Amino acid sequence: MVDCTSTVRLDRGETDSNVMMNATFLSVFASRLALSLATLLTLLATAPSARAQAVVVMVNGEPITTYDIEQRAKLIALTTHKSAPRQEVINQLIDDRLKIKEAKKFGINMTPSEIDSSYAAMGQRMGMSADQLSKVLMAQGVRPETMKLRMSADTAWGALVRGRYKQSLMVSEHDVRAASGGDSSPQDTESYEYHLRPVVIFVPRGSSSAVVEQRKKEAEIIRDRVQSCAEAATTFKSLRQGTIRDTIIKTSADLPANLRELLDKTPVGHMTPPEVTRQGIEMVVLCDRKVTSADTPAKRAARDKLFAQKYEAKSKSYLDDLRKAAMIEYKQK
């Protein structure tokens, strides 16, 4: 006789086994499906990036990608307010690769900290921090590294050209006189040396216009009272909400025309009119003014122009030679 109880147990055992097998199969299938979907999503996400990174040119073994070109084009548009032809953008990137490599050959290699410092200085000249400058760039689709690469190439190249060709870049006094001799106005034929001490009356950030005006009136009172550089030093050293800076020396050629005119009208020992700045209320004490043989503004302008012409010519010639010797291979147009 057949043991029905055993048969039932066997049937149940087989059923349980099948259920377990099916569960295992479904689990493996689900895992593989999830993995396949994840792989597909990854490929879809990285496909545009891969296309963006396609190599367009090889410069001495270094790639220039479509992404590099896109970034530089955006930077040019941001800084010049006009678009550049694609080949012009590529040429700039080729030149940068050649400049950096040639500078490194002569031991000129900007470190990351030096690049960051230059980047921060650029932001400061624009009245913002490095982080703020980065946000401005990124808002326009430009990575900060794109700007830093351009800065690195220009700085290293400038140091290289000026260092290697220092003698040939020198501008003679004869050439300067010839270039600046057409203007005989007094402000361009005479140069002064100014001894200056900046002073500041602090105004707390966020102060009302009434507080600012009050501090400005206080500055005017001090300005009327001060008759010498020594008096200014004594006054501001005892002033809790103000300070006086160390003496700085500037020549006429160092200063913009409006400031030269202001200092020439200010008697020695007196102060310039108060000006509202970020620091507070600022003035300058004119401690001394004397004629100097230093460059006049006209001579300085002529010297700078002649130097720039020589530098550009030498830079172009040098870069042309590097291009001729370089291995530049286009992978795609």
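Is there a pair in K104/K316; K216/K265; K135/K314; K217/K250 whose C-alpha atoms are over 30 Å apart, and which pairs would that be?
Going by Cα-Cα distance, K135/K314 fall outside the 30 Å limit.
Quick one: length gained pulling D288 to Q132 fully straight, 0.36 nm per residue minus the C-alpha distance?
The D288-Q132 span can extend by a further 52.2 nm.
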Exercise for review: For H174, tell me the accessible area in Å² from a 1.4 Å probe, rounded to the nearest 10.
Suggested key: 120 Å²
**Study point:** Estimated inter-spin distance, H81 and S317, nm [label 7 Å along Cα→Cβ]
**Key:** 3.6 nm
Review point. Quick one: net charge of M170's neighbours, Cβ under 11 Å, K/R +1, D/E -1?
Key: +2
Practice item. Could you pull the accessible area for V212 with a 1.4 Å probe, rounded to 10 Å²? Key: 30 Å²
**Study point:** Distance between modelled label sites at L262 and A326, nm, 7 Å Cα→Cβ extension
**Key:** 4.5 nm
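Take every Cα pair under 8 Å in segment 191-292 that's 6+ residues apart, average their separations, divide by the length, and report that relative contact order as a whole percent.
So the answer I get is 50 percent.
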Exercise for review: Over segment 191-292, with every protein chain in place, what whole percent of the accessible area is carbon and sulfur at 1.4 Å, could you tell me?
Suggested key: 50 percent
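The values are calculated or read from the model by the stated rules, or taken from the named source; none is laboratory data. Since this is a predicted model, take the numbers as computed values, not measurements. Using ideal geometry, Cβ is built from the backbone for each residue, glycine included, and neighbour counts are taken over all protein chains shown. Side chains included, ligands, DNA and RNA excluded: accessible areas come from the protein's heavy atoms. Shrake-Rupley method; radii C 1.70, N 1.55, O 1.52, S 1.80 Å.
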